[in-house]
Structures are given as structure tokens and as C-alpha cells.
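Here is the structure we will look at, set down as C-alpha cells.
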Amino acid sequence: MLLKTCQMGSKICDYWSMATKKKPTNPPEGSWTFFTNHGHVLVCIAQNPDIRISDIADLVGIGERAAHRIVGELVDGGYVIRTKDGRRNTYTVDYTQHLRHPLEAGHTIGEIFKALIRMKSGAKS
């Protein structure tokens, strides 16, 4: 089978890998979701503490730079604890942190996100 290649800036990509790569099912264009990208990233981390930034980006449907920025913001905000494990990072969600908006500030993220994810060991309750 022939692979067609394209030049995209300094990146070379092949159409075969682009066509066969699993992509998440995103909502139809013009629709909306209840969670922001920060919420989606938090769900990804909670479901898989060893997840890579590139996998987060693919699952959420954002770029790697955006995923990296959001993870950094969640770490800086105390919602996620990043632990270096060799060359990789491992993440732990702190479910005791409170939601940020004044309307929901009396609730913890655990009240929302524990219902959405399968609990993994190492999660703070």
C-alpha cells in the first residue's frame, strides 16, 4: 500500500496514519458541552493517572500545547499533583479541592468528578 505524504511546515505527516488514527467523537459543530476543556482534561487524568499530554490532547480534541497549558493550570491550582516518574509524569487528582466559581464554591470537585470516572488507587478523597 502506498503512503502519501504531505509537508506541513517542518512536519511531515502521512495520510495513512492520519486516516487510521482513532479520534474521539466530538459533539456536532455548533453544539456545546457541560464541561470546559479543563473539566475534560481532569476526567482524562482521573481515569488514567499515567496518561501522556498527547493522549489528553487527542481525547479532548485540543492541541498538545493547550493540553500542556491546562494541565499546568490544574497543577498550579492544586487540583492535580504531578509526580515525575523517570522520564514520564504521573498525575493524582485532589478531589478535596473546591470548585472555583462562587455559585459552586461550596462543593468539591470530588462531588462531581467521582461520578464520572472509575476511581483509581492513589486518589485523594
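Could you figure out which of (1) surrounded by 15 or more Cβ atoms within 10 Å (Cβ to Cβ); (2) of a type outside the set (Gly, Ala, Ser); (3) under 19 Å from Phe34 (Cα atoms) isn't true of Val80?
Failed condition: (3).
Give the residues of region 92-125 that are surrounded by fewer than 14 Cβ atoms within 10 Å (Cβ to Cβ), polar (S, T, N, Q) and either closer than 16 Å to Thr36 by Cβ or modelled with pLDDT under 70 (or both), sorted by residue number.
Ser121, Ser125
Does Ile45 satisfy the condition of being assigned to a loop (DSSP other than H, G, I, E, B), closer than 19 Å to Thr33 by Cβ, of a type outside the set (Lys, Arg) and touching a residue at least 12 places away in the same chain (Cβ under 8 Å)?
no
When you check Ala115 against the structure, is it out of contact with any helix residue (DSSP H, G or I) (no Cβ under 9 Å at 6 or more places or on another chain), aliphatic (A, V, I, L, M) and not in a strand (DSSP E or B), yes or no?
Criteria met by Ala115.
Assess whether Asp50 counts as being charged (D, E, K, R), touching a Lys or Arg at 6+ places or on another chain (Cβ under 9 Å) and modelled with pLDDT under 85.
no
Looking at the structure I just gave you, is Ile45 modelled with pLDDT of 55 or more and of a type in the set (A, V, I, L, M)?
It is true that Ile45 is modelled with pLDDT of 55 or more and of a type in the set (A, V, I, L, M).
Against the definition (in a helix (DSSP H, G or I) and modelled with pLDDT under 90), how does Ser17 come out, yes or no?
The answer is yes for Ser17.
The values are calculated or read from the model by the stated rules, or taken from the named source; none is laboratory data. The structure presented is a predicted model; accordingly, all values stated were derived computationally and were not measured. Cβ atoms come from the backbone with ideal geometry, glycine included; neighbour counts cover every protein chain shown.
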